[in-house]
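The values are calculated or read from the model by the stated rules, or taken from the named source; none is laboratory data. All values derive from a computational prediction rather than experimental measurement. Cβ atoms come from the backbone with ideal geometry, glycine included; neighbour counts cover every protein chain shown. Note: areas computed on protein heavy atoms with side chains; ligands, DNA, RNA excluded. Shrake-Rupley method; radii C 1.70, N 1.55, O 1.52, S 1.80 Å.
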Amino acid sequence: MNTTQRRRQGLAAFLRGRRARVTPADVGMPPGFRRRTPGLRREEVAQLSGVGVTWYTWLEQGRPINASAQVLDAVARTLRLDQPEREHLYHLAEVPYEADPQTAAEAVGPEVRAILEALDPHPAVVYNSRFDILATNPAYRDVFFMPGAPETQARNALWSLFTVPEEDCPLVFRARELPVMVATLRSSYGVHAGEPVWEDFIRRLSEASPLFDRLWRDGDVERPGPRVKTFRHRAVGEMRMTSVSLSINGMPECRIVVHQPDDEETHLRTARLRDLRAAPTAVQK
């Protein structure tokens with residue numbers, strides 16, 4: 001038995017088990033009479049999910065059918081799956097999974113947030129593979145605050161960096177660093193090619209930024225890794241920092257990126273930023 005067949009068997013067992021635990025009352029349906037099924041019937045799951053009964057039956061039987069992310073989401077809602085269960089469903093159905101930014105941000109637990117806070121005054125952030133900003137510490141917000149960034153796109157680092165006026169960009173060497181970020185994005189894009197959320201993201205950012213469009217068309221690929229970057233801040237000047245990416249258990253395709261001072265002067269300036277933040281009247285960034 002190959003891997004795909006094992007996953008189909010696992011998918012069938014998983015769906016049957018989840019269906020059995022959801023009662024009609026859970027989804028606002030009358031219990032009815034002579035019900036032998038401990039939970040919902042297959043036809044009820046299909047109806048509530050907006051899919052055909054035959055299609056859902058085949059899905060639950062582990063037959064070789066294609067399932068889209070939209071349909072799996074509908075089934076997941078009907079079966080009242082939590083986030084780990086939803087990810088498991090996608091994995092068994094061999095459909096790439098990535099939570100939307102709001103859901104992913106809510107999944108950043110208190111333990112991870114405590115780590116971010118403990119890293120202060122070193123800027124630290126949680127990104128997903130699309131550079132959506134899921135959580136930050138105050139030092140990150142100090143360095144990466146960009147008054148010219150579009151408010152609606154402020155939750156994505158690429159959107160902010162590519163659409164902000166150059167004089168407001170915290171990156172000193174944009175011509176060197178932005179291509180690396182785009183190449184890192186492309187390395188993640190491979191497993192998401194064709195997904196509506198990713199394709200729409202690439203299309204909209206390409207329309208908003210000719211520079212991003214050109215870099216994306218270059219086709220370069222690079223994995224996340226340690227890099228020395230130079231940032232500027234209006235209050236304390238330039239800072240050289242080494243960025244390091246750390247994976248997070250339980251959050252696929254997400255990582256903590258920590259920026260550590262690369263020299264003593266930067267160490268002093270990051271400490272100065274923390275002092276300014278604590279001052280009664282903060283210096284304009």
Quotient of C-alpha Rg and 2.2 N^0.38 Å, computed over segment 201-269: 1.45
Radius ratio Rg over Rh of the chain, counting only Cα atoms, Kirkwood formula for Rh: 1.08
Heavy-atom accessible area per residue - the chain, 1.4 Å, Å²: 53
Neighbourhood net charge (10 Å Cβ-Cβ; Lys/Arg +1, Asp/Glu -1) for residue 27: 0
Surrounding net charge for residue 161, when Lys and Arg each add one and Asp and Glu each subtract one, Cβ distance under 11 Å: -2
Charge dipole of the chain about the Cα centre (unit charges at C-beta), most positive-ward option of 206, 29, 219: 29
Carbon + sulfur, % of accessible area of segment 36-93 - ligands and nucleic acids excluded, 1.4 Å: 48
Charged-residue dipole, Cβ positions (Lys, Arg, Asp, Glu), the chain about Cα centre, Debye nearest 20: 1200
The chain, relative contact order in percent, only Cα pairs under 8 angstrom and at least six apart counted: 13
For segment 218-285 and segment 55-71, distance of Cα centres in Å: 45
Nearest 10 degrees, 0 to 90: helix 196-208 Cα axis against the chain principal axis: 30
For residue 75, net neighbour charge (Lys/Arg +1, Asp/Glu -1) across residues whose Cβ lies under 10 Å away: +2
Segment 17-86 - convex hull of the alpha-carbon atoms, volume per residue in Å³: 94
Segment 156-285: mean projected area of Cα convex hull, nm²: 9.4
Where trypsin sites (Lys or Arg not before Pro) fall in DSSP loop in segment 43-97, at most 13 other Cβ within 10 Å: 80
Residue 247 accessible area, 1.4 Å probe, all protein chains in place, Å² to nearest 10: 100
Linear extension gain, residue 29 paired with residue 176, 0.36 nm per residue minus alpha-carbon span: 47.1 nm
